[in-house]
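Asker: So that we are looking at the same thing, I have put the structure below in structure tokens.
The values are calculated or read from the model by the stated rules, or taken from the named source; none is laboratory data. Nothing here was measured: the structure is a model prediction, and the numbers come from that model. Cβ sites come from the backbone with ideal geometry, for glycine too, and all protein chains shown count toward neighbours.
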Amino acid sequence: MRKHVLTALAAAALLAACAGSGFSYRTPADEVARRDKYLQPEGSSGFTAKPGWATNKFAVAAANPLATDAGYQVLKAGGSAVDAAIAVQMVLTLVEPQSSGIGGGAFLLHYNGKDVEAFDGRETAPSAADEKLFIGADGKPLPFADAVVGGRSVGVPGAVRMLEMAHKQYGKLPWAQLLQPAIMLAENGFKVSPRLNTLAKADAHLKKDPQAAAYFFDAAGEVREVGYTLRNPELAAVLRRMAAEGSKALHEGEVAQAIVNKVQSHPTNPGKLTLADMAGYQPKKREPICHDYKAKGRDFRICGFPPPSSGAIAVGQILGILNNVHADAIPLETGLPSANWLHLYTEAARLAFADRAQYLGDPDFVQPPAGGWASLLAPAYLAERAKLIGPQSMKVAQPGAPGAVKAAYAPSADQPEYGTSHISIVDGWGNAIAMTTTIEDQFGARQMVSVKGGPGGFLLNNELTDFSFAPADAQGKPIANRVQPGKRPRSSMAPTLVFDKATGQLVMSGGSPGGALIIHFTAKTLYGVLNWGLNTQQAINLPNFASLNGPSILEEKRFPPATVEALRARGAEVREQTMTSGLQAIQKTPTGFFGGADPRREGIVMGD
């Protein structure tokens, strides 16, 4: 029996109604457009309170009601968690094109009732790309906006091939059946949501692409209004091919040629992607990063995605360092993290991000320190790092040395990171997935592929801008995350599965979009559930906070002035700003499951 479950249509109507109710869902376009390197990859579109959803048998949490409903229908029909994830992803390509899609990549963490597996669908650099890809004629790294828009930033898409790999192992329903919800919605149309409207209106680059301009905007150049029925027959045709032929329909033939043409023929910023790059893409299975964590006297096992993602290692370092400084002794104050706790958290974050910049990259190209990535999570190493935290902010932390060998790489410079959508699912057999999926920046490279040349189609990623633009430091020492042919760019995506260590039973699945801040959004939710005893919705609702090894960043208008001033008194530079997470999480309960969705975005949870 479903409890508190909104149907997709009712939820979509609720979202649209917010724009005309006493609560203002949308924010002014100039506010959404206000960005700097610490702001989110996607602008703010409001805050809508959500109740959390209890279910008995299974649950699916995704970033748009129509996508959640597609996953729900698949689970209802006897599909597996992987089946549902495929249906959700295909619908997100249509209804949340600014965040993810078949033109991007994804990390899928899967639990089969016994083992956790990591399916890597991260994009790769074209074979003709080199470490000078983002170096301008003046010998300096390009400005981000100059790099991202066009073909230069497009990596070889990996999400579809990865999902196909996972389906071959864990699918219960036919592949073609899983694409039907997206095909029908693309052909019949869907209602433009407040968030899609707000972000398209605020984007300065989307209109520059003829196909995107014809699709997202009307003849007068105005963005499609909330509630407008938007049809995408170009995407429907591609999905029909994929339903019949699998990933081959995207990576070879006419569709692949259209992708390559789009990338190579950009008038001012062409890229290097080729048909051979498209056909040669291979997803990978990797060993997940798992570590022990103690909270409230209970032992947990937290599993996340390994490099090329930095998410699991950084989250694990933050949580481990916090335990070493006894942050768990500091309770919430009137429902909010206190200044004392935030000081410890942001200091731990600085330490983690210093290591991230120093060591992390594609493991097929980058050697881990001390012989293995686990060295960065070793209890003795984290205990040593924790000793660096004092009463005053260190402002900027230096990387540690988990092994005796001197680091082979230079730390990467700070630069923007963007993107993404998150999906959490538990099926009726107890299989669970946490999948974070992305095209990187808001609307990716702003390049829409239309095979027949009409309006619509799908957007391409700008994932290559997740590489370090500079290949080396001033002394010529190479940076681990520099561009190299066939390499996967470092990511912050942090799909996470938590287990009870004693029993091995699933505790929760979660993750978030948000560029580099994904790490903090995920860590916040884990800490809220495991340490503060909150349910997933309550933990997601907590105000956001972070440090990327610089200023302490607080979600604006969510913390009392006394908290801000107390952090400043400890020597921290504090920035208050929008922090648009998109958390989804599902936790196991005695009667089934309880799911939460971020009030900062449009997601819901459904299940029986």
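Asker: Write out, first by first residue and then by second, each pair whose Cβ atoms fall under 6 Å of each other, whose residues are 6+ apart or on separate chains, and whose first residue, in segment 556-567, is farther than 11 Å from LEU336 by Cβ and modelled with pLDDT of 95 or more while the second is surrounded by 12 or more Cβ atoms within 10 Å (Cβ to Cβ) and of a type outside the set (Ser, Thr, Tyr).
Answerer: Listed by first residue and then by second, the contacts come to GLU556/GLU576; GLU556/GLN577; VAL564/VAL574; ALA566/ALA339; LEU567/ALA339; LEU567/VAL574.
Asker: Being under 23 Å from ALA84 (Cβ atoms) and not in a strand (DSSP E or B): is that true of GLY453 here?
Answerer: Taking the combined requirement at face value, the residue does not satisfy it.
Asker: Having 3 or more residues that are buried (at least 24 other Cβ atoms within 10 Å of the Cβ) is the bar; report the helices (runs of 4 or more DSSP H) wholly within segment 83-184 that clear it.
Answerer: Output list reads 159-170.
Asker: Let me ask something else about it. Please indicate, with yes or no, whether at least one residue in segment 577-584 is over 21 Å from LEU319 (Cα atoms) and crowded, with 24+ Cβ neighbours inside 10 Å.
Answerer: First, the residues of segment 577-584 that are over 21 Å from LEU319 (Cα atoms): 577-578, 580.
Cutting the leftovers down to crowded, with 24+ Cβ neighbours inside 10 Å gives us 580.
Yes; the residues of segment 577-584 include at least one that is over 21 Å from LEU319 (Cα atoms) and crowded, with 24+ Cβ neighbours inside 10 Å.
Asker: Here is a follow-up. Residue by residue through segment 53-82, note down the ones that are crowded, with 24+ Cβ neighbours inside 10 Å, more than 26 Å from ARG195 (Cα to Cα), in contact with a strand residue (DSSP E or B) (Cβ under 6 Å, 6 or more places away or on another chain) and of a type outside the set (A, V, I, L, M, F, W, C).
Answerer: Passing the criteria: only THR55.
Asker: Also, quick follow-up: Pull out all pairs, ordered by first then second residue, where Cβ-Cβ is under 6 Å, the residues are six or more apart or on different chains, the first lies in segment 451-468 and is closer than 19 Å to HIS266 by Cβ, and the second is among the charged types (D, E, K, R) and crowded, with 24+ Cβ neighbours inside 10 Å.
Answerer: Once the first residue is closer than 19 Å to HIS266 by Cβ and sits in segment 451-468, its partners that are among the charged types (D, E, K, R) and crowded, with 24+ Cβ neighbours inside 10 Å give ASN461/GLU123; ASN461/GLU440; ASN462/GLU440; ASN462/ASP441; GLU463/GLU123; GLU463/GLU440.
Asker: If you check every pair at least six apart or on different chains, which have Cβ atoms under 8 Å apart with a residue in segment 204-228 that is in contact (Cβ under 8 Å) with a residue 40 or more places away in the chain and closer than 19 Å to ASP146 by Cα first and a residue that is of a type in the set (Val, Ile, Thr) and part of a loop (DSSP other than H, G, I, E, B) second?
Answerer: Close Cβ pairs satisfying both conditions: HIS205/VAL149; LYS208/VAL149.
Asker: For residues in segment 481-505 being in contact with an Asp or Glu (Cβ under 7 Å, 6 or more places away or on another chain) and either assigned to a strand (DSSP E or B) or among the acidic types (Asp, Glu) (or both), which is nearest to ALA523 (Cα to Cα)?
Answerer: SER491
Asker: Is it fair to say ALA236 is free of Cβ contacts under 8 Å to residues at least 60 places away in the same chain, in a helix (DSSP H, G or I), within 26 Å of the chain's Cα centre (by Cα) and on the phi < 0 side of the Ramachandran plot? Before you say what the answer is, go through the steps one by one.
Answerer: On the way: free of Cβ contacts under 8 Å to residues at least 60 places away in the same chain: yes; in a helix (DSSP H, G or I): yes; within 26 Å of the chain's Cα centre (by Cα): yes; on the phi < 0 side of the Ramachandran plot: yes.
Spelling it out, ALA236 is indeed free of Cβ contacts under 8 Å to residues at least 60 places away in the same chain, in a helix (DSSP H, G or I), within 26 Å of the chain's Cα centre (by Cα) and on the phi < 0 side of the Ramachandran plot.
Asker: Ok, one more. Do we have ASP355 as surrounded by fewer than 17 Cβ atoms within 10 Å (Cβ to Cβ), of a type in the set (Asp, Glu), out of contact with any strand residue (DSSP E or B) (no Cβ under 8 Å at 6 or more places or on another chain) and closer than 28 Å to GLN484 by Cβ here? Steps first, please.
Answerer: Details: surrounded by fewer than 17 Cβ atoms within 10 Å (Cβ to Cβ): no; of a type in the set (Asp, Glu): yes; out of contact with any strand residue (DSSP E or B) (no Cβ under 8 Å at 6 or more places or on another chain): yes; closer than 28 Å to GLN484 by Cβ: yes.
Taking the combined requirement at face value, the residue does not satisfy it.
Asker: Please identify the pairs in which a residue from segment 247-275 that is on the phi > 0 side of the Ramachandran plot has its Cβ atom under 9 Å from the Cβ atom of a residue that is basic (Lys, Arg), counting only partners at least 6 apart or on another chain.
Answerer: Taking only residues 6 or more apart or on different chains, the pairs are GLY253/ARG241.
Asker: Report every pair of residues separated by at least 6 positions or lying on different chains whose Cβ atoms are under 7 Å apart, first residue within segment 144-161 and over 10 Å from LEU273 (Cβ atoms), second among the acidic types (Asp, Glu).
Answerer: Short answer, once both residue conditions are applied: VAL148/ASP441; GLY158/GLU123.
Asker: Test TYR418 against the stated conditions and say whether it is at pLDDT below 95, under 26 Å from PRO489 (Cβ atoms) and either within 26 Å of the chain's Cα centre (by Cα) or surrounded by 20 or more Cβ atoms within 10 Å (Cβ to Cβ) (or both).
Answerer: For TYR418, the condition - at pLDDT below 95, under 26 Å from PRO489 (Cβ atoms) and either within 26 Å of the chain's Cα centre (by Cα) or surrounded by 20 or more Cβ atoms within 10 Å (Cβ to Cβ) (or both) - is met.
Asker: How many residues does segment 189-223 contain that are outside any helix (DSSP H, G or I) and more than 18 Å from VAL91 (Cβ to Cβ)?
Answerer: Result for segment 189-223: 11.
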